[in-house]
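Structure record follows, encoded as structure tokens.
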Amino acid sequence: MADTAAPAAVKPKVAFYWCASCGGCEEAVVDLAEAILDVVGAVDIAFWPVALDFKRHDVEAMDDGALLASFVNGAIRTTEQAEMALLLRQKSQLLIAFGACAHLGGIPGLANLWDRESIFRQVYAESPSTVNPEGTLPQTRSEEDGRRLTLPGFYDTVRSLDQVVPVDYYLPGCPPTPKIIVQAVQTLLSGALPPQGMVLAPDRALCDECPRKDTRPEKLTTSEFKRPHQVLIDETTCLLAQGLLCMGPATRAGCEALCVRGNMPCSGCFGPTSRVRDHGGKALSAIASIVASNDTGEIERILAQVPDPIGTLYRYSLPSSLLRRRRREAA
Amino acid sequence: MSRTRTIKVDYLARVEGEGAMYVRVRGGRVTDVQLRIFEPPRFFEGFLRGRRFSEAPDITARICGICPVAYQMSAVQAMEDVCAVPVDPQVRALRRLLYCGEWIESHALHIYLLHAPDFLGYESAVHLAKDHPAIVERGLRLKKAGNDLMTLLGGRAVHPINVRVGGFYRVPTRRELVPVTEQLKWARDAALETARWTGTLEFPHYEQDYEFVALSHPDEYAITEGRLVSNQGLDIAVREYEEHFVEEHIPYSNALHSSLKDRGAYLVGPLARYNLNFDRLSPLAREAARAAGLGPTCRNPFQSIVVRSVEILYACDEALRLIAQYVPPERPSVEVVPRAGTGYGCTEAPRGILYHRYTVDDAGFITDAKIVPPTAQNQKAIEADLRAFVDPRIDLPEETLTWQCEQAIRNYDPCISCATHFLALRVDRE
């Protein structure tokens, strides 16, 4: 179907890169399956370390803005990731934060509940079965027979991509769903660019597209928060109406309520809508509003049933929250 | 006359993650090999402290987007061990079925998109697809069969959402499993063809006397449970793991290096499973292995691509058997009451054994977590392999040597996102 008479149009160059992430976002791209071959046909993938043998110096050699778009997933935890984010920002017309970690900090961002030193000690020295009598910790520089070896340094605080470089668009989700990826790629290739800074998913709450929407009572109240492992969950009724903590009211739509369809409460990976600054704060206010009591003691008793509030309400968004991290104790 | 040459490749591409490899050559001999790993497992062990026991499967899945089921399975097993929860046999069968999906998709990804280009002389699967679109399309479709099975049982293929301590959030009806059956039959044929095709690839002559470590189960090719055994006499329960294995921290790497106490390096993954459990593969899988030129033992890590093909075939066969025998459990999960204690879990991730241990307090909060992913366990074996592999090939042109070294590392399907990130290969000759 290619028009052989016309001079071959120069295909737009794109890059994929990962920082502190799990590979699931890369996997989500590969899982476009047949569609991935179409995407590969429409663009020139100039950098994608997980799949192609291009190297960092290939990117460094590019002109500024040579890449139409870079899709970066993962949070920023090391100096090396920050350098790559800056490099790709410089070489790209559009920088897209791909997935929950780049968008909000993601699950690796829960490390902000601790500081670097205590995590180092726990992981490299104190955990049982780890043999480390001298307390060796990772070194950014080490000498081996006169040869200097280097490793990237770790920051104390995990950051989202836009806390390091300006970001043009965001693709939410852990990982983003095939549908929103394909829509985003089509939008970017069409040239009709949406307003800068947009999250490329519907700007409304997940409850709006939930298959159980009609079972949600008009006045939702609960006098108890149940834990999913203690109850048999009904497969058709609104999870909040069953007293289960579902992040749906505070979370952006676009996943088509994947978790709820699997009978599991939403855990919030798409982040908040554009009207909300702090995802966990919004979730807390949504929860507080359904507590069926006006008695302070009773309200406290009910809210105390929410275990690990930070890990639950800020599961994907701690680095991008107003507080960003747990306050360090004064020494 | 002495001369120093350095080959530097700043990333080892086509592994799921990145790291660095340094090879030192002096006087025509390899004197030092170091696998450096830049990005550790994002310190999950650190921030799991304080989370609820019930959240471990979902949080640890985010260590690896390629093998999330492995993380979920080792985590639920450990938590069910803490809480002494009996698992319904049909729930167990469904978990095994979900795991089959992950083996299929993960192995198909590695064989077709990451490893095969090495053998066929292509830079990547994208380049391979230009000349051999049918091969890459078969790989993608095979991967999709695994993904679809995971999606059916787990809601989605990356980070399935259905697994919970005590069972599942919801279980499928028998009827829901029908559509995937046809697809799995196609996949079984495609896996047969994959085994035949990978058997025709050219393998360097290279064998090592590894200590293989894998789970072993009397009645089945172990995936979700078994005893930890080796070809050199190890035979222990999972909870005895820490009496026999240690992890050391080395300043040049951010990932811990595992070894067997007093014995050193060992190898986990498809090759280990195949060698230890060959007789528990399905007859079809054993037959395909023989037809592809493998005996019941295989010590050439380059042939792991064939073994992965055989394991895909087995996973398709096993999935079809599990579906045929499936009767939905009476309830998707049982009630779990947290209690203080320590629990252990170990399952066969696509890349090898994945060990979890958690200590939980009486309110159900995690106070301590230990996770040992397969790539951390293979690091020493990878270093030993590079040393033995490079020695007789020291005079090869650097580009060829570098390529072959990268290929030797890719034999392990190193999921450096589990153990790490970032690999530079550096051969320093003098």
Exercise. Farthest toward the dipole's positive end in the protein assembly as shown, which of B:153, A:237, A:46, given Cβ charges of +1 (Lys, Arg) and -1 (Asp, Glu) about the Cα centre?
Worked result: A:237
Exercise. Over the Cα atoms of segment B:282-423, Rg to Rh with Kirkwood Rh, two decimal places?
Worked result: 1.09
For this session: Between the alpha-carbon centers of segment A:99-117 and segment A:236-267, tell me the distance in whole angstrom.
Result: 23 Å
Seminar exercise, completed: If every Lys and Arg gets +1 and every Asp and Glu gets -1 at its Cβ, then about the Cα centre the protein assembly as shown yields a dipole, in debye to the nearest 20, of 900 debye
Seminar exercise, completed: With x for Gly and Pro, the residue-by-residue ³J(HN,Hα) of segment B:257-268, computed from phi through the Karplus equation 6.51 cos²θ - 1.76 cosθ + 1.60 at θ = phi - 60° and given in whole Hz, is 9, 8, 8, 7, 4, 6, 10, x, 5, 8, 10, 10
For this session: Please list B:340-350, B:380-390 highest first by mean number of surrounding beta-carbon atoms within 10 Å per residue.
Result: B:340-350, B:380-390
Exercise. When N is the residue count of segment B:26-164, what does its C-alpha Rg come to as a fraction of 2.2 N^0.38 Å?
Worked result: 1.34
For this session: Could you tell me how many degrees, from 0 to 90 and to the nearest 10, lie between the Cα long axis of helix B:89-108 and the main elongation axis, the longest principal axis, of the Cα atoms of chain B?
Result: 30 degrees
For this session: Quick one: dipole size for segment A:282-331, taken about the Cα centre, charges +1 on Lys/Arg Cβ and -1 on Asp/Glu Cβ, in debye to the nearest 20.
Result: 460 debye
For this session: Show the residues, 5+ positions off or on another chain, whose built amide H is closer than 5 Å to the amide H of residue B:168.
Result: B:333
For this session: Kindly rank B:324-333, B:391-400, A:21-30 from highest to lowest mean number of other beta carbons found within 10 Å of each residue.
Result: A:21-30, B:324-333, B:391-400
Problem set entry | For residue A:158, distant residues with modelled amide H under 5 Å away | A:112
Exercise. Relative to the first principal axis of the alpha-carbon coordinates of chain B, what is the inclination of helix B:398-410, with its axis defined by its Cα atoms, in degrees from 0 to 90 and to the nearest 10?
Worked result: 20 degrees
Problem set entry | Computed Rg/Rh of chain B, alpha carbon atoms with Kirkwood Rh | 0.97
Seminar exercise, completed: Note, segment B:199-205: 3J(HN,Hα) by Karplus (6.51, -1.76, 1.60, θ = phi - 60°), whole Hz, Gly/Pro = x, goes x, 8, 5, 9, 10, x, 6
Problem set entry | Residue mean of other protein chain beta carbons inside 10 Å, A:182-192 | 0
Problem set entry | Dipole magnitude of segment A:206-313, debye to nearest 20 (Cβ charges: Lys/Arg +1, Asp/Glu -1, about Cα centre) | 240 debye
Exercise. For chain A, rounded, prolate or oblate, judged on the Cα gyration tensor with a ≥ b ≥ c (square roots of eigenvalues), a/c < 1.5 rounded, else prolate if a/b > b/c?
Worked result: oblate
Exercise. Using Cα pairs under 8 angstrom and six or more residues apart, how large is the relative contact order of segment A:206-313, in percent?
Worked result: 30 percent
Exercise. When the helix-only estimate is applied to chain B (DSSP H runs of n ≥ 4, each -39,500 (n - 2.57), divided by the residue count), what is the mean residue ellipticity at 222 nm, nearest 500 deg cm²/dmol?
Worked result: -12500 deg cm²/dmol
Exercise. Once Lys and Arg get +1 and Asp and Glu get -1 on their Cβ, which of B:213, B:224, B:184 lies farthest toward the positive end of the dipole of segment B:173-224?
Worked result: B:184
Problem set entry | Rel. contact order, % - alpha carbon contacts under 8 angstrom, at least six apart, chain B | 33 percent
Exercise. In segment B:312-414, with Lys and Arg counted as +1 and Asp and Glu as -1 at Cβ, which of these residues, B:359, B:414, B:313, has the Cα nearest the positive end of the dipole, that is, farthest along it?
Worked result: B:359
Exercise. Based solely on its DSSP helices, what 222 nm [θ] is calculated for chain A when runs of n ≥ 4 H residues each add -39,500 (n - 2.57) and the sum is averaged over all residues, nearest 500 deg cm²/dmol?
Worked result: -7000 deg cm²/dmol
For this session: Please report, in cubic angstrom per residue, the volume enclosed by the convex hull of the alpha-carbon atoms of the protein assembly as shown.
Result: 167 Å³
For this session: Please average, across the residues of A:14-22, the number of beta carbons from any other chain that are within 10 Å of each residue's own beta carbon, and give a whole number.
Result: 5
Exercise. Once phi is turned into θ = phi - 60°, what whole-Hz ³J(HN,Hα) does the Karplus curve with 6.51, -1.76 and 1.60 give for every residue of segment B:75-88, x standing for Gly and Pro?
Worked result: 5, 5, 4, 5, 5, 5, 5, 4, 8, 6, 9, x, 9, 4
For this session: Would you mind checking the tilt of helix B:304-324 against the longest principal axis of the Cα atoms of chain B, expressed as 0 to 90 degrees and rounded to 10?
Result: 10 degrees
For this session: Output the peptides B:121-132, A:153-164 sorted from most to least packed, where packing is the average of other Cβ atoms within 10 Å over each peptide's residues.
Result: A:153-164, B:121-132
Exercise. Peptide B:150-157: average number of partner chain Cβ atoms within 10 Å per residue?
Worked result: 4
Exercise. Is the shape of segment A:206-313 rounded, prolate or oblate, going by the alpha carbon gyration tensor and its root eigenvalues a ≥ b ≥ c, with a/c under 1.5 for rounded and a/b larger than b/c for prolate?
Worked result: oblate
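Throughout, read-outs are computed from the coordinates displayed, never taken from laboratory work. Only a predicted model underlies this, so the values are computations on that prediction, with no experimental measurement involved. Note that we place each Cβ from the backbone using ideal geometry, even for glycine, and neighbour counts take in every protein chain shown.
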